[in-house]
Amino acid sequence: MINKKIAPSMDEWLKEAKSDSAALQEGMFLVHNGVVRQTPKAKVRQGIDDGSSVKGMEFTYNAAKVDAAIAETSKMGGIFHVRVWLNEGMLELGDDIMYVLIGGDIRPHVVDALQFLVGKIKSECVTEIEQK
C-alpha cells in the first residue's frame with residue numbers, strides 16, 4: 001500500500017507563482033484544498049443516506065490523465081498558472097486529498113478554470129474508495 005504524502009505549503013506555492021514572469025498578468029489566485037470528510041459522497045451529492053460514516057479513503061490517481069487535464073486548463077483564456085498536488089494511499093478523516101492552484105487575469109477566468117480542473121480530476125483522473 002502506498003503511504004500518504006506530505007502536503008505542500010500554499011505560502012511557498014504562491015511565492016513561486018508570484019515570482020514567475022507571467023505573474024504580472026495575473027490579478028487573482030484561487031486555491032482548492034479537498035479533504036477527507038466523514039459524510040459519504042452519496043449523501044452529500046445525491047441525498048442518499050444509508051446511515052454509514054466514512055472512516056477513511058483509499059485514493060489513487062492516473063498521473064498522465066492529471067497532466068493532460070493540467071495542460072488543457074493551462075490553455076484556457078486568461079489562465080497563466082496551474083499547479084496540482086494529489087495525495088495517495090490510505091487517507092484518514094481530515095487528510096488532504098488534493099491542492100489545486102490557479103492563477104489568472106480576472107475572477108471569472110480563474111473561477112471557471114478551477115471549477116473545470118477540479119471537476120475533470122475528480123471525474124476522470126482519480127479513484128476514491130470510501131472506507132466505512
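The values are calculated or read from the model by the stated rules, or taken from the named source; none is laboratory data. Note that the coordinates shown come from a computational prediction; the quantities given were computed from them, not determined experimentally. Glycine gets a Cβ as well: all are built from the backbone with ideal geometry, and neighbour counts include every protein chain shown.
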Q.
What's the number of the only condition in (1) closer than 25 Å to Asp11 by Cα; (2) touching a residue at least 60 places away in the same chain (Cβ under 8 Å); (3) surrounded by 14 or more Cβ atoms within 10 Å (Cβ to Cβ) that Met90 fails to meet?
A. (1)
Q. Consider Ala63 against the criteria (1) within 19 Å of Trp85 (Cβ to Cβ); (2) in contact (Cβ under 8 Å) with a residue 24 or more places away in the chain: it satisfies all of them except one. Which criterion is unmet?
A. (2)
Q.
Take the conditions exposed (fewer than 15 other Cβ atoms within 10 Å of the Cβ), in contact with a strand residue (DSSP E or B) (Cβ under 7 Å, 6 or more places away or on another chain) and not acidic (Asp, Glu) and apply them to Lys65. Does it pass?
A. no
Q. Can you tell me which residues in region 1-20 are in a helix (DSSP H, G or I) and not polar (S, T, N, Q)?
A. Met10, Asp11, Glu12, Trp13, Leu14, Lys15, Glu16, Ala17, Lys18
Q: May I ask you to list the residues in region 58-82 that are closer than 27 Å to Ile2 by Cβ and of a type in the set (Val, Ile, Thr)?
A: Thr60, Val66, Ile70, Thr73, Val82
Q: Among the candidates Val100, Val111, single out the residue that is part of a strand (DSSP E or B), touching a residue at least 60 places away in the same chain (Cβ under 8 Å), β-branched (Val, Ile, Thr) and under 29 Å from Pro40 (Cβ atoms).
A: Val100
**Q.** Residue within region 21-28 that is surrounded by 14 or more Cβ atoms within 10 Å (Cβ to Cβ), charged (D, E, K, R), touching a residue at least 40 places away in the same chain (Cβ under 8 Å) and assigned to a loop (DSSP other than H, G, I, E, B) present
**A.** yes
Q. Do any residues in region 41-57 that are more than 26 Å from Asn3 (Cβ to Cβ) and surrounded by 10 or more Cβ atoms within 10 Å (Cβ to Cβ) have Cβ atoms under 8 Å from those of residues that are modelled with pLDDT of 85 or more and β-branched (Val, Ile, Thr), where the two are at least six apart or on different chains, and which pairs are they?
A. Ala42/Ile48
**Q.** Counted residues, region 73-87 - those being out of contact with any helix residue (DSSP H, G or I) (no Cβ under 9 Å at 6 or more places or on another chain) and in contact (Cβ under 8 Å) with a residue 12 or more places away in the chain
**A.** 1
**Q.** Count of residues meeting criterion [among the charged types (D, E, K, R) and touching a Pro at 6+ places or on another chain (Cβ under 6 Å)] in region 72-126
**A.** 0
